[in-house]
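Remarks on the structure that follows.
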Amino acid sequence: MQQVKHKMPEQAAEERRRNFNEVALGYEAETARAEAARCLQCKTAPCRQGCPVEIDIPQFIKHIKDGDYDAAIDEIKAKNNLPAVCGRVCPQEDQCEKFCIMGKKGEPVGIGRLERFAADYAMAKGREDKAEIPAEVLGKVAVIGAGPAGLTTAGDLARMGYKVTVFEALHAPGGVLMYGIPEFRLPKTIVQQEIAALRKLGVDIQVNAVIGKSYTIDELLNEEGFDAVFIGTGAGLPHFMDIPGENLNGVYSANEFLTRVNLMKAYKFPQTGTPVRVGRSVAVVGAGNVAMDSARTALRLGAEKVYIVYRRSEEEMPARHEELEHAKEEGVEFRLLTAPVQVLGDDKGWVKGIECIRMELGEPDESGRRKPVPVEGSNFVLDVETVVMAIGQGPNPLVQNTTPGLSVNKRGNIVADEAGATSKEGVFAGGDIVTGAATVILAMGAGKKAAAKIHEYVQNKKTAR
Amino acid sequence: MYDIVKKEVLSPGVLLFDVAAPLIAKKCQPGQFVILRIDEDGERIPLTIADFDREAGTITLIFQEVGHTTRQLGALNKGDAILDLVGPLGKETHIDNFGTVICIGGGIGVAPVYPIARAYKQAGNKVISIIGARNADLLILEKEMAAVSDELIITTDDGSKGRKGLVIHPLQEMIDAGMKIDLVMAIGPVIMMRSVADVTRPHNIHTIVSLNPIMVDGTGMCGGCRVSVGNKNKFACVDGPEFDAHQVDFNGLMARQRMYHDHEKTERCGGGSCKCNK
Ligand SMILES: Cc1cc2nc3c(=O)[nH]c(=O)nc-3n(C[C@H](O)[C@H](O)[C@H](O)COP(=O)(O)OP(=O)(O)OC[C@H]3O[C@@H](n4cnc5c(N)ncnc54)[C@H](O)[C@@H]3O)c2cc1C
Ligand SMILES: Cc1cc2nc3c(=O)[nH]c(=O)nc-3n(C[C@H](O)[C@H](O)[C@H](O)COP(=O)(O)OP(=O)(O)OC[C@H]3O[C@@H](n4cnc5c(N)ncnc54)[C@H](O)[C@@H]3O)c2cc1C
Ligand code: SF4
Ligand code: SF4
Ligand code: FES
């Protein structure tokens, strides 16, 4: 038996670093079947405990091995509304694949790659989901935010027989999948096709609707006739460093930079209306997925030099290993153990450089990671025209501020239990707004649990009446 | 889609649209704005809600054609529709009976001042309005402002209407004459708002301005609209757009507004094929 995963075909680094086409090209049918054959069909299926939406992994893999791709996608879709997305962006190495038996001796089965294969197959074929929506309407539920958490809740509730309306602040549904994760990792047409499938289930998506402004939660519950509300508003509030020069022209939050490019398609400016400026050299501060996405986007916009500036060492980098490797192959330069001190500007108010200080690793901090401490007098300047701050996001307070009785913690995240229930009756929450910035699949897992809890809540309320 | 139900030319390059948007019309308050996107390839731009009709379900937008998107918008007619319109965004103006309020509008800034002045008036304030423009042709909403003000002063740079000079001149005179002013509300070009702040600061007259940095989402997600207020960064779309004029870093705001100025010019007009006349 082959001990390593079948290789994912990719665009060559030299080529892809200048285009926005998808980097990973996906398995051919033959490769998919060969990879599927590596699965041992374990009775206990340890891989499943790593999947927050509990896909029957061995079963769908078996269908692929047998060449029955329709059965494979039905099996996946029974649990996961967004397989083409998850197959691409799930951090499988920390989820399903981490528990795969095959991983003990060699590499785990490429579960994510196979999931993507099945999803892409169904999409290419234009295959409709088989879903029987009950004729009887069980109730009416409002979902705030069309990110992975909200969309999952909406899909599950629609399948159970609820009338669901999703309210989304932006002009396109998808959340981070649309505005954050770049085209070259997750093509936007794929996100929109998965959402179209949800609409076919009867989910009504209202874009341009900012809850807290267009409606408050109380209005949705008391005036608009919703039986329950799910909040999945994500972690969309960009953090800045509070260092001098941060308001100079050419300093972006990663959210703004990525939104301009992904959601507003600034890479096609002036054919599209929204501009973005990268200049010749760019510093991206931070080393998570968001930072890698920003750096690789900057390259594709034509920057000659792109630096990742990170105050810890490679070991502590929170980005997925795969993304880190991709970034390196494409020519992103890493300035590790380096922290920005200030952004320098020219006399017209434009960025001309970023002053940094070298760091060394000291004692471990509360998180167990060794704490970086500045090396006195080691300051130096990187000449850059653009700085992208990718140091994290917090919760947007719009909904919390307009919803009396909804508890938030000291970081501003909504407090909700395992099942998604909040301190306010009829109001549920999940995804990044509860956990802080996490992952697509964890947000979806939270959405699933909340859907089940909302069903229970609404039915209990109805029988009590 | 949001239908344009009325179009009017207020002055050269300044247009008024009534747009059908029942939900926004139902909720909006003076001081708030919308963000719109004309079509699939369009940019999101913010415009103040200059008026609203809750019964008819329409909002009024008044805008100046300054660049690509506002020109494209200006080319639309009654019966056309706008793809995306989101709002009301931003915090509403704090309306109360303060006593004597001076409402100052410069250029296109008269449009957002109008519903605020009307609300101050309805709340029982004595409203003195000063509206200004470069010349008589560019002056907008004179009748409307007169109707909601106890006194209306007009200034033009060239003296073609009202007093020759800037909006700050009558304001300075009122202060010098010892008039008791409880609040100044000023909206217009950043330079104008900065000079109003400079005039009222030495006299500690509470002054509010409405800022117009470049925005993308309008929900606090991108941070592109950040301005320094009292040495702290604020996001104008959610923390504002109104702020205490004496705390605002106007120079920083002006610099940031120019972020895409050259870029728009070279990328868009490099070939000279467009008709934007920049
Ligand atoms: C650049 C980037 C790259 C990432 N890469 C990965 C990756 O490779 N793999 C991975 O697993 N995770 C990744 N993540 C994290 C992942 O995208 C998030 O954890 C996930 O999207 C969270 O889902 P959510 O539904 O909770 O929130 P979001 O996706 O943030 O969606 C929230 C939605 O709610 C809307 N909203 C907010 N406020 C309101 C309101 N008041 N009214 C109406 N709507 C509102 C927002 O506009 C948004 O559409 C990445 C994140 C970023 C930013
Ligand atoms: C809260 C708010 C309310 C506003 N209300 C009104 C209004 O009622 N009427 C009106 O005429 N204008 C208003 N503006 C300004 C209006 O949004 C800009 O004129 C418009 O975005 C310019 O777009 P453009 O493509 O036509 O011009 P561009 O070619 O993009 O730019 C021309 C110039 O306009 C400025 N500008 C560009 N984009 C923006 C932007 N998103 N926000 C602000 N300034 C920008 C820049 O200084 C630029 O140099 C408001 C702005 C804000 C933030
Ligand atoms: S959804 Fe994610 S965690 Fe679950 S099986 Fe697919 S790739 Fe693995
Ligand atoms: S643990 Fe690995 S080998 Fe076993 S069933 Fe799951 S995917 Fe197949
Ligand atoms: S416009 Fe994006 S945060 Fe204000």
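The values are calculated or read from the model by the stated rules, or taken from the named source; none is laboratory data. All values reported here derive from a predicted model rather than from experimental measurement. Note that we place each Cβ from the backbone using ideal geometry, even for glycine, and neighbour counts take in every protein chain shown. Heavy atoms of the whole protein, side chains included, go into the accessibility calculation; ligands, DNA and RNA do not. Shrake-Rupley method; radii C 1.70, N 1.55, O 1.52, S 1.80 Å.
Could you tell me whether A:PRO182 is away from ligand 3 (no atom under 16 Å from the Cβ) and within 24 Å of B:PHE33 (Cβ to Cβ)? Give the steps one after another, and end with the answer.
Working: away from ligand 3 (no atom under 16 Å from the Cβ): yes; within 24 Å of B:PHE33 (Cβ to Cβ): no.
Considered against the rule, which asks whether it is away from ligand 3 (no atom under 16 Å from the Cβ) and within 24 Å of B:PHE33 (Cβ to Cβ), A:PRO182 comes out as no.
Each row is one residue, and each column tells you yes or no for (1) among the hydroxyl-bearing types (Ser, Thr, Tyr); (2) away from ligand 2 (no atom under 13 Å from the Cβ); (3) more than 14 Å from chain A (Cβ to nearest Cβ).
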{"site": "B:ASP84", "(1), (2), (3)": "no, yes, no"}
{"site": "B:ILE116", "(1), (2), (3)": "no, no, yes"}
{"site": "B:TYR120", "(1), (2), (3)": "yes, yes, yes"}
{"site": "B:VAL127", "(1), (2), (3)": "no, yes, yes"}
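Sort out which residues of the range B:198-213 are within 16 Å of B:ILE108 (Cβ to Cβ) and either surrounded by fewer than 21 Cβ atoms within 10 Å (Cβ to Cβ) or away from ligand 5 (no atom under 16 Å from the Cβ) (or both), and write them in order of number. Reasoning before the result, please.
Quick first cut of the range B:198-213, residues within 16 Å of B:ILE108 (Cβ to Cβ) only: B:209-213.
Result: B:VAL209, single match.
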Check whether at least one residue in the range A:189-207 is assigned to a strand (DSSP E or B) and facing another protein chain (nearest Cβ under 8 Å), and report yes or no.
no
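Here's the yes/no breakdown for (1) more than 16 Å from ligand 4 (Cβ to nearest atom); (2) at negative phi; (3) out of contact with any strand residue (DSSP E or B) (no Cβ under 9 Å at 6 or more places or on another chain):
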position: A:GLU93; (1), (2), (3): no, yes, yes
position: A:ASP129; (1), (2), (3): yes, yes, yes
position: A:HIS171; (1), (2), (3): yes, yes, no
position: A:VAL176; (1), (2), (3): yes, yes, yes
Within the range A:359-465, helices (runs of 4 or more DSSP H) holding 3 or more residues that are open to solvent by 50 Å² or more (accessible area, probe 1.4 Å)
A:440-464
In the range B:173-197, anything more than 21 Å from B:TYR120 (Cβ to Cβ) and crowded, with 17+ Cβ neighbours inside 10 Å is listed as B:VAL190, B:ARG194, B:SER195
Only one of (1) buried (at least 24 other Cβ atoms within 10 Å of the Cβ); (2) touching a residue at least 24 places away in the same chain (Cβ under 8 Å); (3) of a type in the set (D, E, K, R) is not met by A:ARG277, so which one is it?
(1)
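Mind listing whichever residues of the range A:219-231 are more than 14 Å from every other protein chain (Cβ to nearest Cβ), open to solvent by 10 Å² or more (accessible area, probe 1.4 Å) and either in contact with a His (Cβ under 8 Å, 6 or more places away or on another chain) or in contact (Cβ under 8 Å) with a residue 40 or more places away in the chain (or both)? Let's see the steps before the verdict.
Going residue by residue through the range A:219-231, those that are more than 14 Å from every other protein chain (Cβ to nearest Cβ) are A:221-222, A:225-231.
Now restrict to residues that are open to solvent by 10 Å² or more (accessible area, probe 1.4 Å): A:221-222, A:225-227.
Selection gives A:LEU221, A:GLY225, A:PHE226, A:ASP227.
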Farther than 20 Å from A:ARG88 by Cβ, facing chain B (nearest Cβ under 9 Å) and among the hydrophobic types (A, V, I, L, M, F, W, C): which single residue out of A:VAL251, A:VAL278, A:VAL210, A:VAL285 fits that description?
A:VAL210
Considering the range B:126-148 alone, what residues qualify as being open to solvent by 20 Å² or more (accessible area, probe 1.4 Å), assigned to a helix (DSSP H, G or I) and in contact with a Ser or Thr (Cβ under 7 Å, 6 or more places away or on another chain)?
B:ALA136, B:ASP137, B:LEU138
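Evaluate the following for A:GLY155: is it more than 30 Å from A:ALA327 (Cα to Cα) and either in contact (Cβ under 8 Å) with a residue 60 or more places away in the chain or in contact with a Leu (Cβ under 6 Å, 6 or more places away or on another chain) (or both)? Spell out how you get there, then give the answer.
Values: more than 30 Å from A:ALA327 (Cα to Cα): yes; either in contact (Cβ under 8 Å) with a residue 60 or more places away in the chain or in contact with a Leu (Cβ under 6 Å, 6 or more places away or on another chain) (or both): yes.
For A:GLY155, the condition - more than 30 Å from A:ALA327 (Cα to Cα) and either in contact (Cβ under 8 Å) with a residue 60 or more places away in the chain or in contact with a Leu (Cβ under 6 Å, 6 or more places away or on another chain) (or both) - is met.
Wholly within the range A:59-107, which helices (runs of 4 or more DSSP H) include no fewer than the required count, namely at least 1 residues that are within 15 Å of A:PHE117 (Cβ to Cβ), open to solvent by 20 Å² or more (accessible area, probe 1.4 Å) and more than 10 Å from ligand 3 (Cβ to nearest atom)? So that I can check it myself, show each step before the final result.
Values: elements: A:69-77, A:83-89, A:102-105.
Result: A:69-77.
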Kindly check whether there is at least one residue in the range B:65-75 that is touching a residue at least 40 places away in the same chain (Cβ under 8 Å), facing chain A (nearest Cβ under 8 Å) and at negative phi.
yes
